[in-house]
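Below: one structure, written as structure tokens.
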Amino acid sequence: MNRIKELESRINPIAEYPKFSAGDTISVTYKIIEGAKERLQTFSGVVIQRRGTGSTETFTVRKMSNSVGVERIFPIASPFIDKIEVNKRGKVRRARIFYLRSLTGKASRIQERKYFGPVSK
Amino acid sequence: MPGIIGKKIGMTSVYSAAGKNIPCTVIEAGPCVVTQVRTLEKDGYTAVQLAYGEKKEKNTSKPMQGHFKKAGTTPKRFIAEFHDFATEMNLGDVVTITELFTEGENVDVIGTSKGKGFQGVVKRHGFSGVGESTHGQHNRLRAPGSLGASSDPSRVFKGMRMAGRTGGNQRTLQNLEVLKVLADENLILVKGAIPGYNGSTVYIIK
């Protein structure tokens, strides 16, 4: 198993992205290939979970689009991800904030985490 | 067919040039040593015997010790014959994956499937079972159903698919794409799954 993990890290290298976790609001800029053309698109929303380890790790971003919830799952090793920006750090108590799905409007706000400990970042 | 002996390491996935995430199996293949060359004059057919995997000398029988000594190599665990190699093979030659396989070509993989013990017809032959789990149905959910007609023929036909030992048989998967060849580690990545446990012996055939 270790051999597979070690091999994965070499053949599917993960680019450097800022640290983010559940509750953070991020913007993911990813490439879209339309025929021969390639363009960039941004998907921004709240990270509701990060799951898996190594090159198989994925994260789910949720946003409200015209009052309809839209979720997108990105593999962290995906070559289509151009960049990830952290817009806001959220203060949440769990690693997977699926309760957000049942909340709308004011209730779905997440308190911003303003204080970062001495060893944070 | 030219081929090589290897060991299944496990499964992972790679991203293709188009960005698709492709599931693949990692096989450690070779380097194999030529331990015997079968010729038309002597054996009636042509083939090359390859050996793979280290083995202790004390666990090797005297006749086999002599056999490996003749090829000028240490005792090996697995031996298999392949034929139609592109180049002339001599005793003691080392065969590696890079000589045989290139990325993008299709190969066959022979392995022994995982043994599953005594299994019913649903798992073993893909039967759909009898009826439903509700509506008065009692205990026939995964039963095989009828085995045939009654007084004529008064017997069950040979080859009737029934429950029994499942898996643990040699299976060949054809036309698996070679996604990557890592020469210095003797690793080859083929698309999809292959039979057997991690660590089981497989034959990769061109």
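The values are calculated or read from the model by the stated rules, or taken from the named source; none is laboratory data. Computed from a prediction, not measured in an experiment: that's the story for all the values here. Counting neighbours? That spans all protein chains shown, and the Cβs are built from the backbone with ideal geometry, glycine included. For the accessible areas, the whole protein counts, side chains as well, though only heavy atoms, and no ligand, DNA or RNA atoms are used. Shrake-Rupley method; radii C 1.70, N 1.55, O 1.52, S 1.80 Å.
Structure values in brief
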| item | result |
| --- | --- |
| Restricting region B:7-46 to residues that are more than 14 Å from chain A (Cβ to nearest Cβ), in contact with a strand residue (DSSP E or B) (Cβ under 8 Å, 6 or more places away or on another chain) and not aliphatic (A, V, I, L, M), the residue that is nearest to B:His83 (Cα to Cα) | B:Thr46 |
| Filter result (touching a residue at least 24 places away in the same chain (Cβ under 8 Å) and either open to solvent by 10 Å² or more (accessible area, probe 1.4 Å) or among the aromatic types (Phe, Trp, Tyr) (or both)) within region B:17-40 | B:Ile22, B:Pro23, B:Glu28, B:Pro31, B:Val33, B:Gln36, B:Val37, B:Arg38 |
| One residue from B:Thr39, B:Thr12, B:Thr46, B:Thr60 being in contact with a helix residue (DSSP H, G or I) (Cβ under 6 Å, 6 or more places away or on another chain), farther than 22 Å from B:Leu187 by Cβ and of a type in the set (Ser, Thr, Tyr) | B:Thr46 |
| Some residue of region A:41-62 being under 26 Å from B:Leu189 (Cβ atoms), within 11 Å of chain B (Cβ to nearest Cβ) and more than 21 Å from the chain's Cα centre (by Cα) | no |
| Single residue of region B:1-14 satisfying the filter (open to solvent by 50 Å² or more (accessible area, probe 1.4 Å) and touching a Ser or Thr at 6+ places or on another chain (Cβ under 8 Å)) that is farthest from B:Phe68 (Cα to Cα) | B:Met11 |
| Filter result for B:Ile188 (of a type in the set (Val, Ile, Thr), crowded, with 17+ Cβ neighbours inside 10 Å and either more than 24 Å from B:Ser13 (Cβ to Cβ) or within 14 Å of chain A (Cβ to nearest Cβ) (or both)) | yes |
| B:Lys180 vs. criteria surrounded by 14 or more Cβ atoms within 10 Å (Cβ to Cβ) and within 14 Å of chain A (Cβ to nearest Cβ) | yes |
| Complete set of residues in region B:148-206 that are in a loop (DSSP other than H, G, I, E, B) and aliphatic (A, V, I, L, M) | B:Ala149, B:Val156, B:Met160, B:Met162, B:Ala163, B:Ala193, B:Ile194 |
| Strands (runs of 3 or more DSSP E) contained in region A:1-66 and holding at least 1 residues exposed (fewer than 14 other Cβ atoms within 10 Å of the Cβ), modelled with pLDDT under 90 and among the basic types (Lys, Arg) | A:37-51 |
